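Undergrad: If you scroll down you'll find the structure; I have some questions about it.
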Amino acid sequence: PLWAFAQEERMHKSDQERKAEREAVQAQKIAFITQEVGLTPAEAEKFWPLYNEMDRKVVGIVRKRNSTKASMYRLLKSEDDGKQGKVAEPAGSSQGRTAAGDHRDAAEDLVIDIQAKGPSGPIEELLAAYMNSFQEENAIRMDYHKKFLQILSAARVARYYLAEERFNNRMIRLFIEEKVQQEKSR
């Protein structure tokens with residue numbers, strides 16, 4: 001499968017190579033959004049530090065969410081291990097992990113009693129933390145949305161959101177096309 005190949009290839013890249021790729025993509029993103037929104041140098045000087053600040057906060061929340069999700073997988077897996085049938089596994093889990101690991105590796109090992117304990121049982125607590133992470137992320141995005149509106153007009157903030165989505169979709173499409181080509185040449 002395509003994603004297994006992508007994971008396998010990523011294992012062969014050093015941390016330095018992955019960092020260089022991330023930085024190159026980030027530079028392309030900045031250039032694309034700056035052009036699409038039509039940011040002046042003065043606006044860009046104000047906008048990008050705010051964007052980077054927001055991005056760091058959102059990434060932190062997403063990492064925390066992924067760790068919580070990993071803990072849910074582990075909890076459900078330990079619960080399912082005693083049963084026959086389908087075990088709770090994330091999509092693509094049979095495809096292996098990268099040398100850099102994945103979010104399941106970040107999860108803390110939990111020693112917990114899986115018996116239902118009412119509203120404060122382990123799975124309920126993890127689920128609440130998982131769902132709250134979306135609210136935290138939304139609160140951050142709303143806060144920075146207001147800050148963006150202090151720098152740019154509403155129309156240009158809307159252009160930013162649309163440009164960011166177009167850029168992300170384009171990068172996903174390019175990634176998939178590249179992997180399909182590599183798979184064909186194997």
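What follows draws every value from the coordinates through simple rules; no lab data is involved. This is a predicted model, so every value here is computed, not measured. Don't worry about glycine lacking a Cβ; one is built from the backbone with ideal geometry, like all the others, and counts go over all protein chains shown.
Undergrad: Using square roots of five times the C-alpha gyration tensor eigenvalues, list the equivalent-ellipsoid semi-axes of segment 7-82 in whole Å, biggest first. Walk me through the intermediate numbers first.
TA: Numbers: eigenvalues 258, 70, 17 Å².
Taking √(5λ) for each Cα gyration eigenvalue gives 36, 19, 9 Å.
Undergrad: Another question, then. From the backbone phi of segment 13-26, what are the Karplus-calculated ³J(HN,Hα) couplings (6.51 cos²θ - 1.76 cosθ + 1.60, θ = phi - 60°) in whole Hz, Gly and Pro given as x?
TA: Karplus-based 3J(HN,Hα) across segment 13-26 equals 8, 6, 4, 5, 5, 5, 5, 4, 5, 4, 5, 5, 5, 4 Hz.
Undergrad: For the residue pair Q26 and K77, what label-to-label distance in nm results when each label sits 7 Å from Cα along the Cα-to-beta-carbon direction?
TA: Distance between label points: 3.1 nm.
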